[in-house]
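I have placed the structure first, in the form of structure tokens, so that the comments after it can refer back to it.
The values are calculated or read from the model by the stated rules, or taken from the named source; none is laboratory data. Remember, it's a predicted structure, so these values are computed and weren't measured experimentally. Backbone-built Cβ (ideal geometry, glycine too); neighbour counts: all protein chains shown. Please note that ligands, DNA and RNA were not included when accessible areas were found on the heavy atoms of the full protein model with its side chains. Shrake-Rupley method; radii C 1.70, N 1.55, O 1.52, S 1.80 Å.
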Amino acid sequence: QVQLVESGGGLVQTGGSLRLSCAASGRMFSINSMGWYRQAPGKQRELVATIATGGRTNYADSVKGRFTISRDNAKNTVYLQMLSLKPEDTAVYYCNARRQIEGVFDGTDYWGKGTLVTVSS
């Protein structure tokens, strides 16, 4: 099992910035990719950004150039630096970790409880 705890959410004005953190614990040797997803009211959960153990990153088009995902493997922590925030970024942000077997995702996702980001206009 893997436990994920997010922090860093809050209320910010348009154009502001926030940094989210996700502290992971447990069987981290089984984890390859980690990332952030978000869910706005009335909408489905969507991918924000992911980062593999080796550092390869992937971003949703809507956040490219504004958000940066990073990972400190020694601390088992993933970060999401968010700049130039917009009202449409308002959502609950969830940390995700994907379990692997021999380097291949085995279909198991771990999720944190989420942290709320609210961007006021």
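Observations on the structure shown:
- Along region 40-50 the Karplus relation, 6.51 cos²θ - 1.76 cosθ + 1.60 evaluated at θ = phi - 60°, assigns HN-Hα couplings of 8, x, x, 10, 7, 5, 10, 5, 9, 7, 9 Hz to successive residues, with x for each Gly and Pro.
- Region 1-112 - percent of accessible surface contributed by carbon and sulfur, probe 1.4 Å: 48 percent
- Net charge contributed by nearby residues that have their C-beta within less than 15 Å of SER62 (K/R +1, D/E -1): +2
- Along principal axes, Cα extents of region 51-91, largest first, whole Å: 34, 17, 15
- Using 0.36 nm per residue and subtracting the Cα-Cα separation, the extra length available between GLU88 and SER62 on full extension is 8.4 nm.
- log10 of Debye I(q)/I(0), alpha-carbon scatterers only, for the chain at 0.12, 0.22 Å⁻¹: -0.40, -1.26
- The value of relative contact order for region 37-116, using C-alpha pairs under 8 Å at least six residues apart, is 23 percent.
- Where Cα atoms sit under 22 Å apart: lysine pairs in region 8-121 separated by 8 or more or lying on different chains: 5
- Where labels lie 7 Å past Cα in the beta-carbon direction, separation of LYS113 and SER30 in nm: 2.2 nm
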